[in-house]
Amino acid sequence: MGGAKVEYKVFEMDILRDRSAENLQRKAREARALIESWKPDLVYGSDDAAQEYVAAHYVGRDLPFVVSGVNRDPAVYGLAGAKNVAGVLEPVHIEETLRLLHVVAPATKRFAIITDESPSMLALADQIKAKLARLPGAQVVAHDTVRTFPAYQQAVRRYQDSADALWPLGVFGLRDAAGAPVDRIEVLRWTADNSRLPDLGFWEERVAMGTLVAVTVSPREHGLAAGRIARGILVERRSPASYGIRPDVKGLPMVSLARANKLGLKLKSSVLLSAEVVEKFEWEKQ
């Protein structure tokens, strides 16, 4: 939006620490109240919750919406084909991440998936299982859905001998035994300290927090793609329908050298030269 005279207001739903239905609905009402009172010329919404609880209420109206960070099919929220909605999907690079894992840790065929109760993570787990079902020799030995950190810990320990690799997806909404939220860096630090299985992810911060490999969405490219659409709508007066909702396809391979060292894995020079290498765990930088 450089050079354009734009005024912004930012509303953070901040629901990762409290995914209760009551909190979700409260935050959604607050977001919609801001939109109705301020009457913006465009709303930019990032992540699936913003689409489900906010954007979906404005489908078909004149108010343009630009969406990003969408993991699920936009049709789930009624956004597909909407005349006033445009944006970029956040693809998950399942096959690319698997290929990177097999270069780093070749003997990985049996996968255990662990998610929290986030709908987007459950949908992602289904995508992974469907993809692995079509790959010769690959097997999902388990998919556990957990609500608490102790349950997550039990699941990780359970599959140390029956799986070759761990796919911890949703670790945002876990709670401790007393019901208090557990920060995801604590979850992933515990995983790095207590699991001897190579693990996979799709997000840049996960590798910094100890996950071994990921082919991630480039945050810069993803944000730029959404920003260009917003500029086209506001400055060039293009219609949202002329953009539609399209995938951001550029992936960034990443590998944690710290995690590889802890697992006793030697990284090939081809990986060191082609991937972004994270040398230290996030908690070692503090």
Practice item. Would you mind telling me which numbered condition in (1) surrounded by 10 or more Cβ atoms within 10 Å (Cβ to Cβ); (2) free of Cβ contacts under 8 Å to residues at least 60 places away in the same chain LEU42 fails? Key: (2)
Practice item. Considering only the stretch 107-117, state which residues are outside any loop (DSSP other than H, G, I, E, B) and of a type outside the set (A, V, I, L, M, F, W, C). Key: ARG110, THR115
Review point. Out of the stretch 14-29, which residues are in contact (Cβ under 8 Å) with a residue 12 or more places away in the chain and surrounded by 12 or more Cβ atoms within 10 Å (Cβ to Cβ)?
Key: ILE15, LEU16, ARG17, ASP18, ARG19, LEU24, LYS27, ALA28
Practice item. State the number of residues belonging to the stretch 153-187 that are in contact with a helix residue (DSSP H, G or I) (Cβ under 8 Å, 6 or more places away or on another chain), buried (at least 19 other Cβ atoms within 10 Å of the Cβ) and more than 16 Å from ASP116 (Cβ to Cβ). Key: 1
Review point. Is it true that ALA226 is closer than 27 Å to MET121 by Cα, aliphatic (A, V, I, L, M) and in contact with a helix residue (DSSP H, G or I) (Cβ under 8 Å, 6 or more places away or on another chain)?
Key: no
Exercise for review: Evaluate the stretch 97-106: report whether one residue or more is in a loop (DSSP other than H, G, I, E, B) and closer than 22 Å to SER118 by Cα.
Suggested key: no
Exercise for review: From ALA50, ALA55, ALA80, ALA86, grab the single residue that is in the same structural domain as ARG228 (by TED's automatic domain parsing), in contact with a strand residue (DSSP E or B) (Cβ under 8 Å, 6 or more places away or on another chain) and surrounded by fewer than 18 Cβ atoms within 10 Å (Cβ to Cβ).
Suggested key: ALA80
Point to revise | Where GLU204 falls short, out of the listed (1) within 30 Å of LEU42 (Cβ to Cβ); (2) assigned by TED's automatic domain parsing to the domain that holds VAL171; (3) at pLDDT 95 or above; (4) of a type in the set (D, E, K, R) | key: (3)
Review point. Within the bounds of the stretch 219-234, is there any residue that is crowded, with 20+ Cβ neighbours inside 10 Å and modelled with pLDDT under 90?
Key: yes
Point to revise | Of residues in the stretch 162-204 being within 25 Å of ARG220 (Cβ to Cβ) and in a helix (DSSP H, G or I), the one nearest to the chain's Cα centre (by Cα) | key: GLU204
Practice item. Run down VAL88, VAL146 and say which single residue is in contact (Cβ under 8 Å) with a residue 60 or more places away in the chain and under 24 Å from ALA208 (Cβ atoms). Key: VAL88
Revision key, fill the gap. Filtering strands (runs of 3 or more DSSP E) wholly in the stretch 14-95 for at least 2 residues that are within 23 Å of GLY223 (Cα to Cα) and among the hydroxyl-bearing types (Ser, Thr, Tyr) gives 43-46
Practice item. Sort through ALA107, ALA112 and tell me the only one that's modelled with pLDDT of 95 or more and out of contact with any helix residue (DSSP H, G or I) (no Cβ under 6 Å at 6 or more places or on another chain). Key: ALA112
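The values are calculated or read from the model by the stated rules, or taken from the named source; none is laboratory data. Only a predicted model underlies this, so the values are computations on that prediction, with no experimental measurement involved. Backbone-built Cβ (ideal geometry, glycine too); neighbour counts: all protein chains shown.
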